[in-house]
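A.B. asks: I have a structure I would like to understand better, so I am pasting it below and will then ask my questions one at a time.
Each reported figure results from applying straightforward, stated rules to the coordinates on display, with no laboratory input. A quick note: this is a predicted structure, and the numbers were derived from the prediction, not measured. When we count neighbours, we look across all protein chains shown, and the Cβ atoms used for this are built from the backbone with ideal geometry, even at glycine.
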Amino acid sequence: MSRDALEVIRTRRAVRAMTSEPVRREQLEQILDAAAHAPNAGNRRLQRLVVIDDDATLRVLRMVSPGMLQRPAAAVVICIDVARAVEYGLPARSSGLFIDVGTAAQTMMLAAHALGLGSGPVTSFSRAAVSTVLNLPARWSPEMVVCLGHAATTQPSPVGPHRRSTWRDLTYWGRLGSDATTAAGS
Ligand SMILES: Cc1cc2nc3c(=O)[nH]c(=O)nc-3n(C[C@H](O)[C@H](O)[C@H](O)COP(=O)(O)O)c2cc1C
């Protein structure tokens with residue numbers, strides 16, 4: 001199934017209730033392929049994607065991830081290869097590395113939605129515990145988990161403010177005037 005890109009962008013939601021139906025391997029591969037097409041600072045590709053789709057490991061992953069409200073059929077743990085970044089001369093906490101985690105995550109979530117799957121990002125987890133559970137190399141830092149699965153019919157209420165911001169709420173045109181601070185804070 002494929003949908004108009006703008007509709008996919010507008011209708012994707014963080015899915016926090018998923019059925020036990022598995023995600024097919026070919027769908028996972030399409031989602032991972034989408035990540036490889038995400039924009040990436042300097043085209044260095046310092047993100048590493050660890051796919052977990054076995055129930056036992058997913059269960060343990062959930063135990064160390066308080067922000068993982070869903071029971072996903074699969075999860076992609078996006079890691080930064082910090083040692084490789086340093087070899088490139090980048091600071092270990094260079095902003096581009098984290099932005100690239102976001103571009104990979106969003107690209108995967110949009111791909112999942114286009115395939116008719118649900119997804120939900122999670123950053124509330126113990127990095128140390130996830131590293132141990134997944135036996136990650138010491139030089140990799142897990143930064144975000146993208147949960148994948150089939151959306152349940154009923155979803156918990158969205159978190160945060162009930163009203164969705166519109167682009168007008170978020171946007172300023174051109175140079176900001178002296179009242180910009182007030183406007184941005186309102
Ligand atoms: C950096 C980041 C971290 C997030 N961490 C979590 C998380 O730990 N648990 C969770 O349920 N949702 C998490 N989310 C999802 C947001 O809560 C969600 O995107 C937001 O409420 C807007 O809802 P929407 O994605 O349905 O538009 C995270 C999103 C981002 C971008």
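A.B. asks: Please identify every one of the trypsin sites (Lys or Arg not before Pro) in the stretch 70-127 that sits in a loop by DSSP and has no more than 14 other beta carbons within 10 Å of its own beta carbon.
C.D. replies: Loop-located and lightly packed - Arg93.
A.B. asks: Sum -39500 (n - 2.57) across every DSSP H segment of at least 4 residues in the chain, then divide by the residue count to get the 222 nm mean residue ellipticity, nearest 500.
C.D. replies: -10500 deg cm²/dmol
A.B. asks: Once amide H atoms are placed 1.01 Å from N in the peptide plane, what residues at a sequence separation of 5 or more from Val15, or on another chain, have their amide H within under 5 Å of its amide H?
C.D. replies: For Val15, the qualifying residues are Ser119, Gly120.
A.B. asks: Also, quick follow-up: Roughly how large, in nm² to one decimal, is the mean projection of the convex hull of the alpha-carbon atoms in the chain?
C.D. replies: The Cα convex hull of the chain, projected and averaged over all directions, gives 12.9 nm².
A.B. asks: In the stretch 5-185, if the dipole is taken from +1 on Lys/Arg beta carbons and -1 on Asp/Glu beta carbons about the Cα centre, which of Pro91, Ala75, Ala38 is farthest to the positive end?
C.D. replies: Pro91
A.B. asks: Sort 17-24, 6-13 by the packing proxy (mean of other Cβ within 10 Å over each peptide's residues), most packed first.
C.D. replies: Ranked by mean Cβ neighbours within 10 Å, highest first: 17-24, 6-13.
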